[in-house]
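Nothing in this text is a laboratory measurement; each read-out follows from the coordinates by a stated rule. Everything quoted here is computed from the prediction, not taken from an experiment. All Cβ positions, even for glycine, are placed from backbone atoms using ideal geometry, and neighbour counts span all protein chains on display.
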Amino acid sequence: MSSENAAQSGERNEHVWDVVVVGAGPAGSSAAYAAAVAGRRVLLLEKAELPRYKTCGGGIIGPSRDALPPGFELPLQDRVHAVTFSLNGRLTRTRRSKNMLFGLVNRQEFDQRLVEAAEAAGADVRTGVTVSRVEQHGPAVPDRRTVAVVLNDGEVVLARAVVGADGSASRIGAHVGVKLDQVDLGLEAEIPVPATVAEDWAGRILIDWGPLPGSYGWVFPKGDTLTVGVISARGEGAATKRYLEDFIARLGLAGFEPAISSGHLTRCRAEDSPLSRGRVLVCGDAAGLLEPWTREGISFALRSGRLAGEWAVRIAEAQDAVDARRQALNYAFAIKAGLGVEMGVGQRMLAVFKRRPRLLHTVMTGFRPAWNVFAGITRGSTTLGEVVRTSPLARRALGALDKA
Ligand SMILES: Cc1cc2nc3c(=O)[nH]c(=O)nc-3n(C[C@H](O)[C@H](O)[C@H](O)COP(=O)(O)OP(=O)(O)OC[C@H]3O[C@@H](n4cnc5c(N)ncnc54)[C@H](O)[C@@H]3O)c2cc1C
């Protein structure tokens, strides 16, 4: 059945999708893929036309790679083997690794391929459609097992379960009542550079611990373009912009005209924030699932999206509100037991970093076990949560840093 037929038909009950996913970023595509491979009728709705630009460094760490659909080919622009760390432009030190640490992608290409993977698994995709709200009661909802997804032009799409993956300005998140602990503003410039400059950066990124509490900047090379960005707490817009300008100037890149300059918010959920309401689940940025210190969010989007897709399938099968609630609670439990633990460690790291950036810089650049942990996480052999759970040394170190 085509999505047009499903959406516009008068016989609405015959055209209820099992799962409707809102937003085709990594979280939404991952959810759509998971529900579609389970054999369900899935509709993925995206407001932009694809491929679309997303303000993002495009750093793909091991946990992101591991959460991709089987056979997915990463469109890598570069492979990172070295990291240069600096403290607001000073105390610069480069660490190298024989093995690749992580990969860099352009989000438009990466996201487009993820959508294609969801489509290949059987999901229908509609682009250029903005969801304005969802309704779980009222005249638009034909029965208690159905959710109405209302589009901007008034069209109503019906589903047994809905996954909200509509990013950091999420309307579905507002419906669910997502509560936030931390909101940051990321600013980025895509800077095309001549081949001689690009060569300096090939295979190496820069991380600069910034002048504002909790801020940092980065250079991610992608062939003939450098993605240069900074991130800091929201509310410091002018100072964050100044940091980016100074950072670019300090790197000797001010003479090159950015092809794109943009900004985007990132958000982290409060520990007690809901992840569902009735038959609606949220994942990725829409749920505030993001690593609070590095603001790494692609792996959180892919992993939470997959879980949301799997649990949406069960909610779609639920015959009553009690069963739907049970499945939604299981989803929340799975998120909290995995990503929630990682977020907890990330919050502690951010608190130390805000208080003692120099200490953290010294540990990262001068203490080999800290570098090994960084390399292990970026390669995907471990996660922040696992390190703290399994290594007494890491637990003691984090405890000491908490008090530093
Ligand atoms: C400056 C910056 C740099 C970053 N760098 C990295 C990095 O290097 N590595 C990393 O792992 N993470 C990074 N992140 C975080 C990462 O970009 C996000 O966590 C990630 O994109 C979240 O994916 P998502 O699918 O949840 O949301 P998104 O990627 O934002 O996708 C949401 C989608 O929903 C669509 N949408 C929104 N509203 C509606 C609507 N009403 N109806 C229909 N569709 C809608 C949007 O058009 C969009 O396509 C960075 C973030 C920022 C701001």
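A few notes on this one:
- If R0 equals 45 Å, the separation of the Cβ atoms of residue 404 and residue 120 corresponds to a calculated FRET efficiency of about 0.35.
- Sequence-separation-based contact order of the chain, relative, with Cα cut under 8 Å and 6+ spacing, percent: 21 percent
- Estimated vicinal HN-Hα couplings, Hz - region 58-75 in sequence order (Karplus 6.51, -1.76, 1.60; Gly, Pro = x): x, x, 10, 8, x, x, 5, 4, 5, 9, 7, x, x, x, 5, 9, 5, x
- As a rough footprinting exposure proxy, the listed residues 300, 256, 220 were ranked by other beta carbons within 10 Å of their own, and the order from fewest upward is 256, 220, 300.
- DSSP finds beta bridges in the chain, and of those with both partners inside it, around 70 percent are antiparallel.
- Applying both filters, DSSP loop and at most 16 other Cβ atoms within 10 Å, to the trypsin sites (Lys or Arg not before Pro) of region 100-153 gives 144.
- The chain: angle of helix 298-317 to the longest principal axis, Cα-based, in degrees nearest 10: 20 degrees
- GNM result for the chain, Cα springs below 10 Å: residue of 252, 173, 214 fluctuating most strongly: 252
- Total lysine pairs whose alpha carbons fall under 26 Å of each other in the chain (8 or more apart, or interchain): 12
- Shape box of the chain [Cα atoms, principal axes, largest first, Å]: 67, 47, 40
- Degrees separating the helix 321-335 axis from the principal Cα axis of the chain, which is the longest one: 10 degrees
- Modelled this way, with points 7 Å down the Cα-to-C-beta line, the labels at residue 336 and residue 100 are 3.7 nm from one another.
- From its DSSP helices (H runs of at least four residues, each -39,500 (n - 2.57)), the chain gives a residue-normalised ellipticity at 222 nm of -11500 deg cm²/dmol.
- With each label modelled as a point 7 angstrom along the Cα→C-beta vector, the residue 323-residue 91 pair spans 5.9 nm.
- Over region 144-227, relative contact order from alpha-carbon pairs under 8 Å, at least 6 apart, %: 20 percent
- Sequence of 401, 289, 114 once ranked by neighbouring C-beta atoms within 10 Å, starting from the fewest: 401, 114, 289
- By other beta-carbon atoms within 10 Å, ranking 205, 315 with the fewest at the front produces 205, 315.
- In degrees, nearest ten, helix 392-403 long axis to first principal axis of the chain (Cα): 80 degrees
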